[in-house]
1. I'm checking my understanding of the structure. Among residues of region 95-133 that are part of a helix (DSSP H, G or I) and charged (D, E, K, R), which one is nearest to M268 (Cα to Cα)?
2. Within region 301-315, identify whether any single residue is assigned to a helix (DSSP H, G or I), at pLDDT 90 or above and not polar (S, T, N, Q), and answer yes or no.
3. Working carefully through the options G120, G101, find the one that is touching a residue at least 40 places away in the same chain (Cβ under 8 Å), surrounded by 13 or more Cβ atoms within 10 Å (Cβ to Cβ), in contact with a helix residue (DSSP H, G or I) (Cβ under 9 Å, 6 or more places away or on another chain) and more than 24 Å from V403 (Cα to Cα).
4. Wholly within region 424-490, which helices (runs of 4 or more DSSP H) include no fewer than the required count, namely at least 3 residues that are β-branched (V, I, T) and in contact (Cβ under 8 Å) with a residue 12 or more places away in the chain?
5. Just wondering, is there one or more residues in region 440-447 that are buried (at least 18 other Cβ atoms within 10 Å of the Cβ), of a type in the set (A, V, I, L, M, F, W, C), farther than 30 Å from Y237 by Cα and not assigned by TED's automatic domain parsing to the domain that holds M274?
6. I'm checking my understanding of the structure. Among residues of region 351-379 that are out of contact with any helix residue (DSSP H, G or I) (no Cβ under 8 Å at 6 or more places or on another chain) and outside any helix (DSSP H, G or I), which one is modelled with the lowest pLDDT?
7. Quick check on region 455-466. Is at least one of its residues of a type outside the set (A, V, I, L, M), within 16 Å of the chain's Cα centre (by Cα) and closer than 25 Å to K330 by Cα?
8. Determine if region 336-355 includes at least one residue that is within 24 Å of I422 (Cα to Cα), touching a residue at least 24 places away in the same chain (Cβ under 8 Å), crowded, with 21+ Cβ neighbours inside 10 Å and of a type in the set (F, W, Y).
Amino acid sequence: MVYSDLIEDKIDRIVEALQQKYSGLKNYRWLAIKELEQDREVCAKYPLDLPEVMDRSYEKEIINEKFDFIDEIMNEVVVNKEERAEITNRVDAVLTHRWLGLPIFLVIMAAVFSLTFLLGDLIKAYFQQGVDVFSQAVTAVLQSLAVSEMLISLVVNGIIAGVGAIVTFLPNIFILFLALAFLEDSGYIARVAFVMDGIMSRLGLSGRAFIPMVLGFGCTVPAIMASRVLEDKRDRYKTMLVTPFMSCSARLPIYVLFSSMFFAQYAMLAAYSMYVIGLAVAVLTAYVLHLFDRKAGINTLLIELPEYKSPSLRTIFISVWEKVRDYLTKAGTTIFVASVIMWVLLNFGSAGYTTAMSDSFGAWIGRLVVPVFEPLGLGYWQIVAALIAGISAKEVVVSSCAVLFGIPSLNSAEGMGTLVGILGASGFGALNAYALMVFCLLYVPCAATLATIKRESGSWSWTVMSAGFQFSIAWILTYLVYHGGRMIFA
């Protein structure tokens with residue numbers, strides 16, 4: 001294509017300089033354009049001394065002229081393009097507004113999580129009833145077959161209680177995935193990256209770095225993999241470090257359970273605050289890293305904003321089905337195994353099989369680590385054991401609580417009331433519950449995420465450092481939340 005006179009004149013002068021200094025090269029014009037864009041690799045390989053020509057990067061101008069050329073072609077061959085573009089521009093005038101863009105994003109996400117709570121909880125009750133009926137039927141069958149109490153306990157209190165506690169949250173997870181798929185396919189998610197570009201650029205990151213962070217609302221594993229879109233290695237590493245702070249769907253069961261138990265009509269607000277805190281911690285962490293990163297350069301976001309469109313039902317169905325399938329697969333594998341391991345740890349001790357959990361190996365491990373969590377208001381060995389188990393998968397924290405406290409129907413009104421009574425008797429109240437939610441939000445990511453960080457970074461030391469860094473941030477912030485709450489509500 002032919003660029004403007006200014007750009008073409010600079011390209012001609014660079015081509016002439018390249019031909020004089022580097023003979024025998026192919027496609028001098030392409031190299032000249034890369035030189036004018038100040039492409040690092042080309043400039044390093046073919047350095048030129050033309051300060052009056054390459055006085056700055058002309059990448060934005062070149063890209064804009066390319067898009068202008070594309071628009072000219074599209075206007076000639078695409079029907080109703082102007083009308084559709086006008087609608088998109090009108091909507092973008094509001095959704096990508098300099099001051100309104102971010103508040104609107106937060107309001108939209110608040111609406112998403114309101115639906116997740118209101119509709120999800122209505123359907124969840126029926127799932128819980130199904131799990132209760134299944135649990136009772138299995139118990140009756142095993143007792144009629146004169147199966148030993150230990151095996152009945154393993155199947156009912158271990159496997160069904162653990163896996164069932166996760167399956168009952170499927171309606172909440174489904175609605176969250178559905179809403180995120182709708183926003184993505186409509187074209188809005190790209191706008192979020194654009195809106196966040198101003199903030200992210202001040203943190204030494206491109207607005208493109210916010211795309212993996214938004215994906216982190218669904219699952220951290222693909223979010224970490226999405227950091228590949230960042231060209232600079234330093235940007236990728238910083239993005240991988242802060243993305244796990246975004247609240248993934250695996251943490252949602254924890255928020256739903258503990259906010260419903262301790263915050264009543266404010267449950268949705270308490271759960272939504274986790275998403276805001278996660279976003280704030282990720283942004284502030286990136287800012288602090290930028291202050292210490294002396295080599296950080298200027299990051300420019302170049303992204304095409306697609307026209308708004310009605311989401312494709314087929315695309316949404318495929319997206320949601322894949323995520324729900326992964327969720328159920330995890331319930332049938334990772335959470336199944338974790339529930340069995342947790343049951344074994346809680347029902348065996350130094351003297352063998354025991355029905356007294358306080359004498360089990362799980363209780364011993366929990367009490368050993370309790371001093372680390374006591375300053376956070378989480379000095380209860382059952383809670384500590386659940387948090388340790390949650391490293392395998394965050395949903396395991398909920399399934400572990402079902403096993404630890406021996407409540408098969410944990411998500412029912414009766415089950416939650418029983419757990420509140422047990423925890424309340426030991427001094428665990430609303431502030432402790434909120435501290436627990438904050439810690440679960442920020443502490444070590446799940447095993448699958450750690451494996452992905454290792455694969456993407458190629459370094460075990462970076463992976464271990466990331467886990468230690470996230471645990472430290474979680475500990476410090478939870479400490480501040482717990483003791484700050486005690487001072488306010490004392």
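1. Here is the first cut: in region 95-133, the residues part of a helix (DSSP H, G or I) are 95, 101-133.
Among the residues that remain, those that are also charged (D, E, K, R) are: 121, 124, 132.
Values: D121: 11, K124: 15, D132: 25 Å.
Among residues in region 95-133 that are part of a helix (DSSP H, G or I) and charged (D, E, K, R), the one nearest to M268 (Cα to Cα) is D121.
2. The initial filter retains those residues of region 301-315 that are assigned to a helix (DSSP H, G or I), namely 313-315.
Retained after the next criterion (residues that are at pLDDT 90 or above): 313-315.
Keeping just the survivors that are not polar (S, T, N, Q) gives 313-314.
Yes, there is a match, as at least one residue in region 301-315 is assigned to a helix (DSSP H, G or I), at pLDDT 90 or above and not polar (S, T, N, Q).
3. Values: G120 fails: more than 24 Å from V403 (Cα to Cα).
From the options G120, G101, the qualifying one is G101.
4. Working: elements: 430-442, 447-457, 460-489.
Correct list: 447-457, 460-489.
5. Keep residues of region 440-447 that are buried (at least 18 other Cβ atoms within 10 Å of the Cβ), which gives 440-446.
Narrowing the set further to residues that are of a type in the set (A, V, I, L, M, F, W, C) leaves 440-442, 444, 446.
If we keep only those that are farther than 30 Å from Y237 by Cα as well, we get none.
There is no residue in region 440-447 that is buried (at least 18 other Cβ atoms within 10 Å of the Cβ), of a type in the set (A, V, I, L, M, F, W, C), farther than 30 Å from Y237 by Cα and not assigned by TED's automatic domain parsing to the domain that holds M274.
6. Checking each candidate, the answer is A356.
7. We begin by selecting, within region 455-466, every residue of a type outside the set (A, V, I, L, M); these are 455-463, 466.
Then keep just the ones that are within 16 Å of the chain's Cα centre (by Cα); that gives 466.
Now restrict to residues that are closer than 25 Å to K330 by Cα: 466.
Checking region 455-466: at least one residue is of a type outside the set (A, V, I, L, M), within 16 Å of the chain's Cα centre (by Cα) and closer than 25 Å to K330 by Cα.
8. yes
The values are calculated or read from the model by the stated rules, or taken from the named source; none is laboratory data. In this text the structure is predicted, and so the values were computed from the model without any measurement. Note: ideal-geometry Cβ built from the backbone for every residue, glycine included; neighbour counts use all protein chains shown.
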